[in-house]
Amino acid sequence: MDSNLFNRLLSAAACRVVYPESFGQMDDNSSSVGSDNIDWNTDDELEITNEQEIANNISSSSSVSMSTNGTVLSEFGESSSSSNYLSKLHRFIKMGFPQAMVEKVIAEIGDHDIDAILDTLLSYTYLDETPHQEQELNDSFVKSESIFESDFSDLDDSCSDEDTNESFEKDDSLVCLIDMGYSHGEASAAITRCGKDVPLSELVDFISAAHISKQADAEFDALTYEEEVLKQPKDKKRKSQKGNFLMKKKTIEKKPKRKRKNEDEDDDVLHLPNPMIGFGVPHEPFHNIHRTLPDAAIGPPYFYYENVALTPKGVWNTIKRFLYEIEPEFVDSKFFCAAARKRGYIHNLPLTNRFPIQPLPPRTIFEALPGTKKWWPSWDKREQLNCILTCIGSAQLTDRIRLALENSNSKGECECEPSEQVKKFVINQCKKWNMVWTGKTKVAPLEPDEIELIMGYPIYHTRGANRAERYKGLGNAFQVDTVAYHLSVLKNLYPHGTNVLSLFSGIGGAEVALHRLGIPMKNVVSVEKSVVCQNILQDWWEQTNQTGNLIHISDVEDVTVEKLGEWIGRFGGFDLVIGGSPCNNLAGGNRRTRDGLEGEHSSLFYDYFRILDGVKSIMGTN
DNA sequence: ATCACCATGATGCATGAA
DNA sequence: TTCATGCATCATGGTGAT
């Protein structure tokens, strides 16, 4: 896409009252679940287990963000219907329809007939082809539901005036599509695919077709699953049926997938580099220090975004499209420390004169955990650990492995190696759960302080939190050496210190990295939901005698344009906007809700973009 | 109410054989 | 090329003890 177009899209997007699909999704999140009850970053306070409870929670909450759905729920009466309602609301918002529109349609025709709702939504979308009409429709939704009260309302007025005077048709199309509730990515993709001069109806048709196809697929899955599985008794039969079903689905899907591979798969999939060294890592010969950033991407401020590399398909493409078409830098932290950590980073930092922080961290298991060497059998060839996750192997697994090894050894009645089968079992489990040898027949998970060392944090950085919180905080954190290597280029640029906006701070990986680089922090605004993590960062801030000012904000929703303007006015601008948005719905370890970028937690990426773009707008206008 | 503990697969890529 | 197999993966939700 041409960069000018994209600039305009972004600036227009920043001025919308009604955010596109993604933001509708986000609104749904914030209103479906009480903001006091969800830890977006660490997710362990997720006490709500079903929609019934969610509905109850909403109705009993007095949070400001609840007000919207508070009125909605009161219209639908009992919590059971609320649950149903929420489920359907969520479903249609996921399809890309604006929340306000879905609420309106369900209020009009009820929530029983899904087809009717879909038809009505589509006809609304089709009928309102002209920008003027669509704007009115959305405005009426906004007013009647009194939803989007805050962030961009001031800007919107001025921008809509500009829009009406806008003479570029292609920009109008983008703005209209965004107004209609489609995401930037969808809108830009549709224009790219269909051409810039096609009628709006054709663009809508393109996007709607994609939605319907996606939804039909999902519904087919759900229906077939229900038909085939729910009839069966529970437990094993159920599992096997599900397995059969999935096998069927795979065989059905395979052919079209291959066709796409030859055609346009490259449009949707970003390829991960092998070896995963990004623009270069220490001790590796390959380095690329030349890249051309799109105009819209150039700072100030510098920004740095991080998430897991191994996401469902298309996620990184979407992230890239939002973050100014910058190519992600995929790096495995195994080149920096003793554990693998495959992550993608999108940033607009310079690439020249990077340097690692000293002292260099241990790169092998034996260097990081010398106590394990004594027990490490020769047939366990691991030299580095797998990714540090948020939970650890069970004590029962340790016992099972101990028994397997003891039985295998006693059979041979000698000190020889266990059988190949036992070795394979043990190795697989050790790799899966990152267990290390702590005895002749004993493997155990890493202790929190060992993980702190590997992840580049001061020892006992997370001390004080309970064990599960420590594992979770560390499992969600930056690998400090990796991030610091990328941020090292800032040292010469800001000898007198930086102002940092740290989003989804967690246990403070960004702050620790800057500190270890010797880059002073004048002001840090840290946005982090978890009180435990806030305390960890605050304690570290005090222990390291930071002279700067640390401000805690608990919710990204509270980071409004007004707040950003206030901080920017006070600090003279942010030098760095840094953060990794929640990966819960992207991570491979998630069995239940790996829903992609539109998932409950991971959709907070759009808040990262919203805030970053807000900072860029304000600093640009200033 | 809090915390420790544990069982719970699917996805997408890499690799190599047919 | 196609297919089978191997492999790693910032997690979730339930249960029970305190």
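The values are calculated or read from the model by the stated rules, or taken from the named source; none is laboratory data. These numbers come from a predicted model, not from an experiment. Cβ sites come from the backbone with ideal geometry, for glycine too, and all protein chains shown count toward neighbours. Each accessible area value is taken on the protein alone, full model and side chains, heavy atoms only, with ligands, DNA and RNA left out. Shrake-Rupley method; radii C 1.70, N 1.55, O 1.52, S 1.80 Å.
What the table shows:
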| item | result |
| --- | --- |
| Diffusion coefficient, µm² s⁻¹, Stokes-Einstein with Kirkwood Rh over alpha-carbon pairs of the range A:544-619 at 37 °C and 0.692 mPa s | 231 µm²/s |
| Over the range A:373-512, volume per residue of the alpha carbon convex hull, in Å³ | 126 Å³ |
| The range A:452-491, accessible area per residue, ligands and nucleic acids excluded (1.4 Å, Å²) | 31 Å² |
| Loop-located GluC sites (Glu not before Pro) in the range A:412-464, at most 14 other Cβ atoms within 10 Å (DSSP) | A:Glu413, A:Glu415 |
| Anisotropy class of the range A:414-453 from Cα gyration tensor, a/c 1.5 cut | oblate |
| Spin-label pair A:Asn466/A:Phe286, simplified geometry with 7 Å Cα→Cβ offset, distance in nm | 4.5 nm |
| Long-range HN-HN contacts of A:Val577 with modeled amide H, under 5 Å | A:Tyr302, A:Phe303, A:Tyr304, A:Leu501 |
| Karplus-derived 3J(HN,Hα), 6.51/-1.76/1.60, for each residue of the range A:319-333, Hz, glycine and proline x | 4, 4, 4, 6, 8, 6, 6, 6, 5, x, 9, 8, 9, 9, 5 |
| 5 angstrom amide H check on A:Met276, placed H, neighbours 5+ away | A:Asp332 |
| Calculated from backbone phi, Karplus (6.51, -1.76, 1.60) coupling profile of the range A:450-461 in Hz, x at Gly/Pro | 5, 5, 4, 4, 5, 7, x, 9, x, 5, 6, 3 |
| Distance violations [Cα-Cα > 21 Å] among A:Lys342/A:Lys491; A:Lys313/A:Lys529; A:Lys442/A:Lys472; A:Lys334/A:Lys423; A:Lys334/A:Lys373 | A:Lys342/A:Lys491; A:Lys313/A:Lys529; A:Lys442/A:Lys472; A:Lys334/A:Lys423 |
| The range A:354-446 - accessible surface per residue (Å², probe 1.4 Å) | 59 Å² |
| FRET efficiency, 1/(1 + (r/R0)^6) with R0 30 Å, evaluated for A:Lys432 and A:Lys313 via beta carbons | 0.80 |
| Estimated distance in nm for a label pair at A:Asn274 and A:Trp375, the labels positioned 7 Å out from Cα along Cα-to-Cβ | 3.4 nm |
| Spin-label model distance (nm) - A:Phe366 vs A:Val531, 7 Å beyond Cα toward Cβ | 4.7 nm |
| With every protein chain in place, the range A:571-622: carbon and sulfur % of accessible area (1.4 Å) | 43 percent |
| Stretchable slack from A:Asp539 to A:Leu403, in nm (0.36 nm times residue separation minus alpha-carbon distance) | 44.7 nm |
| The range A:296-382: trypsin sites (Lys or Arg not before Pro) in DSSP coil with no more than 13 other Cβ atoms inside 10 Å | A:Lys313, A:Lys381 |
| Solvent-accessible area of A:Tyr302 with every protein chain in place, 1.4 Å probe, in Å² to the nearest 10 | 50 Å² |
